[in-house]
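Heads up, the thing below is written out as structure tokens.
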Amino acid sequence: MQVRDAYVDLPDVRLFTRMLLPVDAEADTELPVVVFLHEGLGSVSQWKDFPERFVQECGLPVLLYDRLGYGKSSPRKEKRGLDYLHREEGRLGRLLEKLSLKKYILLGHSEGGSLALIHAARRPAGLLKVMTLSANTQEEPCITPGIEKVRHEYEKPGSKLKSALQKYHGERCDAVFYAWCDTWTAPFFQTWNIKPELQRIQIPVLAIHGRNDQYTSLVQIQNIRQLVPADKKTVILDACGHHPHFDHPDKVMEAVCQFLKPA
């Protein structure tokens, strides 16, 4: 497997990217690239070994990147509004255009899954399929208590959570954390949803959700099942929290590889 790290300059930001290529990828330039979109506290490195295993088992190249404000990418200067994921989707589109990706698939976790679904609603020509892990499709009452519990852990003296996040986000760790928790618990954000976007998706979707997600209920994946008019497959995993790819890596890998097989 080849690993290529690079920075990509867009008009307003610089994004850190990592490309993972199967051994025979150079010989098959027709392979679609699977773009991984990380969660609201995530980064390239926080996917751990899941991307490498994906390349080995599914045989497709992978592109990962640190979204604006995260990891090694440019810091975020703008305040988040109700449309911040839609603005992020515009940045995703510019990145894909800059990299000249002709055919690609999206795999997003948590709000990265939301980002993938928002992008799919635009119906870009090169997008073939979408896969989501614990995607958010609407605000709901159980989200705030779950996030406030994490805030409490983060603000404890000698917090292990804060120490762990600092390894990935460095001096901007507080900015990353509070942008996430303050946005999702803000009164203005309580009306947020992407139900209209779900109804515009016309490509196959695989959605995976944990039955014991500590932030959301199954209404998130039920929205995908009920509103996406295209072919879709939904998988609910028992004894599984907000990170299905860590809680049940074998089951997730089996589901995504099966979904990606040519018809």
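Just so it is clear, none of the values below were taken in a lab; they were calculated from the coordinates. Please read all numbers here as calculations on a predicted model, not as lab measurements. All Cβ positions, glycine included, derive from the backbone under ideal geometry; neighbour counts span all protein chains shown.
How high is the relative contact order of the chain, in percent, with contacts defined as C-alpha pairs under 8 Å that are six or more residues apart?
Reported relative contact order: 18 percent.
Can you give the relative contact order of the stretch 78-138 as a percent, counting alpha carbon pairs under 8 Å and 6+ residues apart?
36 percent
Full extension from Glu57 to Cys142: what is 0.36 nm times the residue separation minus their Cα-Cα distance, to one decimal in nm?
27.1 nm
For each pair in Lys77/Lys251; Lys72/Lys195; Lys149/Lys232; Lys77/Lys232; Lys129/Lys195, compute the distance between the two Cα atoms and list the pairs where it is over 27 Å.
In this structure, Lys77/Lys251; Lys72/Lys195; Lys149/Lys232; Lys77/Lys232 exceed 27 Å between Cα atoms.
Rounded if a/c is under 1.5, else prolate if a/b beats b/c, else oblate: with a ≥ b ≥ c from the C-alpha gyration tensor eigenvalues square-rooted, which is the stretch 69-143?
Here the stretch 69-143 falls in the oblate category.
Full-extension gain between Phe246 and Gln214, please, as 0.36 nm times their residue separation minus the C-alpha to C-alpha distance. Spell out each step's value before the answer.
Values: separation 32, 0.36 × 32 = 11.52 nm, distance 1.42 nm.
My answer for the length gained is 10.1 nm.
How many angstrom lie between the Cα centre of the stretch 12-73 and the Cα centre of the stretch 147-189?
Each part reduced to its Cα centre gives a spacing of 24 Å.
Under the 0.36 nm per residue contour assumption, what length would be gained going from the current alpha-carbon distance of Arg123 and Leu82 to full extension?
Stretched fully, the Arg123-Leu82 segment lengthens by 12.6 nm.
Assuming 0.692 mPa s and 37 °C, estimate D for the stretch 110-263 with Stokes-Einstein, Rh taken as the Kirkwood radius over Cα pairs, in µm²/s. Each step should come with its number before you reach the end.
Numbers: Rh = 16.6 Å.
The calculation lands on 197 µm²/s.
Taking the chain as a Gaussian network, Cα atoms linked when under 10 Å apart, which of Pro75, Pro187, Pro229 shows the biggest mean-square fluctuation?
Evaluated over the chain, the most mobile residue of the options is Pro187.
Quick one: longest stretch of the chain between exposed loop GluC sites (Glu not before Pro), exposed meaning at most 13 other C-beta atoms within 10 Å and loop per DSSP?
79-263
For the pair Phe188 and Asp174, how long in nm is the line joining their label points, each one 7 Å along Cα→Cβ?
2.2 nm
Students often get this wrong: which residues of the stretch 228-263 have the backbone nitrogen under 15 Å from the point 7 angstrom along Cα-to-C-beta of Asp24?
262
Kirkwood-based Rg over Rh for the chain (C-alpha set), two decimals?
For the chain, the value is 0.93.
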